[in-house]
Every structure is written in C-alpha cells, then in structure tokens.
Ligand SMILES: [Zn+2]
C-alpha cells in the first residue's frame with residue numbers, strides 16, 4: 001500500500017515537474033505595448049546581477065563625463081523619459097514588470113564612440129560621441145527612448161534565450177540556467193561583449209530594432225517630445241562618416257533608409 005501511494009505521489013510530482021519545466025522553457029510572454037509574443041527563459045534577477053558586475057567593470061575602464069551641461073541634458077531627458085515609461089506602464093498594465101528596473105544613466109567621455117546601450121535591469125550608458133548627432137533634448141530622447149524600449153521589451157534576454165536554446169539541449173538548458181551563473185555570464189558576454197570590446201553591443205536583429213524604434217517613439221510622444229525628431233536624428237546618424245567604432249547605433253539592421261522610411265510611416269499613422 002505504502003509503495004503504491006508513493007508511486008502515485010511520484011507520478012503527480014513528475015507531472016508537476018514537467019509542467020513547471022515546460023513553462024520555464026517556453027517562458028512565453030508578450031512584449032509590452034506591441035503585444036508581440038516572445039520567449040524569454042533567462043532569469044532576469046540573475047541577468048541584473050551579471051549586468052551590475054559588467055557595468056562596474058566598464059566604469060572602472062571608462063571616464064565619466066565631467067561636462068556639467070551635457071550631464072544636465074542627460075539627466076533632464078532621462079527624467080522625462082522614465083516618467084513617460086512609468087505612465088505608459090500604467091496605461092498598458094505592465095507597472096509590475098517595471099518595478100524590477102533600477103534606471104541609471106551614465107554619460108561616458110569618449111568622443112569617438114557614437115553609441116549608447118542599455119543593460120538588463122535599466123543601466124543606460126550614453127557616450128559623449130553621440131551627443132553631436134543628438135544635437136538637442138529631442139534628439140537625445142530618440143536615443144534614450146530606443147534604449148529604454150530594448151530594456152522593457154527584454155530584447156537582451158530574448159537574444160540570450162535564443163542562443164541558449166540553440167547551444168544547449170532543452171532539458172540541459174533548464175538545469176543549466178537554474179544552476180550556472182557562469183553560463184549566464186557567457187551568454188551575456190556573447191550579446192553585450194562587455195569587458196572584451198568595452199560596451200560594444202552586437203547588432204540587434206532587425207525585428208528588435210524596429211520594435212525598439214516604435215516603442216521609443218511612443219515613449220517620446222508620452223514624454224512631450226516631437227517624435228518627428230527621430231527622422232532628423234537617423235538622417236544625421238546615416239550621414240556621419242564611417243571609420244568610427246561599430247556599435248549598436250551604427251548597426252546596419254535595419255538599413256538607415258528603411259529605418260527612416262519605417263519611422264516616417266509610423267508617425268503618419270499616429271505610431
Ligand atoms: Zn537598438
């Protein structure tokens with residue numbers, strides 16, 4: 001009798017385990033605002049912890065800008081855009097997700113780096129090299145909006161999840177992600193390339209870029225900036241000569257012409 005009960009309990013346990021594992025593996029959820037269904041299997045808390053370590057490493061090798069007016073501009077735009085993000089989260093019902101983010105904006109002094117990026121958890125790094133292209137608050141809001149969008153859409157997590165699913169068998173994956181911070185670190189490094197190439201993000205997919213552009217424009221509008229500023233920003237970005245450090249903002253996916261045309265179309269139809 002005891003034996004039989006134990007077997008029954010074991011089967012129930014196995015069933016629960018399989019359901020839980022499957023749920024964890026598919027990790028299916030929807031991107032806020034766009035509603036696109038995606039699979040994110042990486043543990044966000046662990047990603048935030050790896051981000052923290054990598055961010056500290058990056059900062060130990062970088063120089064924070066001492067330009068008071070440039071820093072004031074970043075703080076001003078950041079404040080407006082974070083407030084807009086919180087307000088949109090209420091509109092679209094993802095405030096609970098947002099509670100997890102600790103927004104932090106850093107301006108790094110490097111005139112040759114035409115770049116900005118966001119780490120999981122909400123650390124946004126802007127390089128001084130992109131400021132001449134931003135030109136003003138609205139131009140900077142294009143950059144900040146785009147980066148906040150990558151963060152709240154969990155694009156980094158989705159990319160790592162895709163890589164993990166390809167690299168590891170599905171059963172091994174669950175076990176590995178549960179136990180190995182090293183594995184998370186290595187996946188993280190593969191996407192963000194911090195430490196080795198110092199803040200150079202591998203280009204996002206065209207899908208992620210287009211999605212970040214659209215969410216970014218919606219955030220800008222909510223924050224009171226004119227989304228049309230994005231057209232000028234990407235035109236200036238496109239016009240700037242090559243030879244500088246390739247980075248997420250110089251990514252060729254989507255091509256500048258396509259991106260600008262897509263942004264114009266979005267603005268025409270009210271985003
Ligand atoms: Zn991007």
Quiz item: Which of the residues belonging to segment 148-168 are in contact with a helix residue (DSSP H, G or I) (Cβ under 8 Å, 6 or more places away or on another chain) and either within 16 Å of the ligand (Cβ to nearest atom) or closer than 17 Å to residue 212 by Cβ (or both)?
Solution: 148, 149, 150, 152, 153, 154, 155, 156, 157, 158, 159, 160
Exercise. Kindly indicate whether any position in segment 179-200 is at pLDDT 80 or above and either touching a strand residue (DSSP E or B) at 6+ places or on another chain (Cβ under 9 Å) or within 16 Å of the ligand (Cβ to nearest atom) (or both).
Key: no
Quiz item: For segment 205-241, what are the residues that are more than 16 Å from the ligand (Cβ to nearest atom) and more than 14 Å from residue 144 (Cβ to Cβ)?
Solution: 226, 228, 231, 232, 235, 236, 239, 240, 241
Exercise. Could you check, for segment 63-78, whether at least one of its residues is buried (at least 23 other Cβ atoms within 10 Å of the Cβ) and at pLDDT 90 or above?
Key: yes
Quiz item: List pairs: first in segment 217-246 and on the phi > 0 side of the Ramachandran plot and modelled with pLDDT of 95 or more, second surrounded by 14 or more Cβ atoms within 10 Å (Cβ to Cβ) and in a loop (DSSP other than H, G, I, E, B), Cβ under 6 Å, 6+ apart or cross-chain?
Solution: none
Quiz prompt | Qualifying residue in segment 39-56 (condition: outside any helix (DSSP H, G or I), surrounded by fewer than 20 Cβ atoms within 10 Å (Cβ to Cβ) and at pLDDT below 95) | solution = yes
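The values are calculated or read from the model by the stated rules, or taken from the named source; none is laboratory data. Everything numeric in this text was worked out from a predicted model, so none of it was measured. Cβ coordinates were reconstructed from backbone atoms using ideal geometry, including for glycine residues, and neighbour counts include every protein chain displayed.
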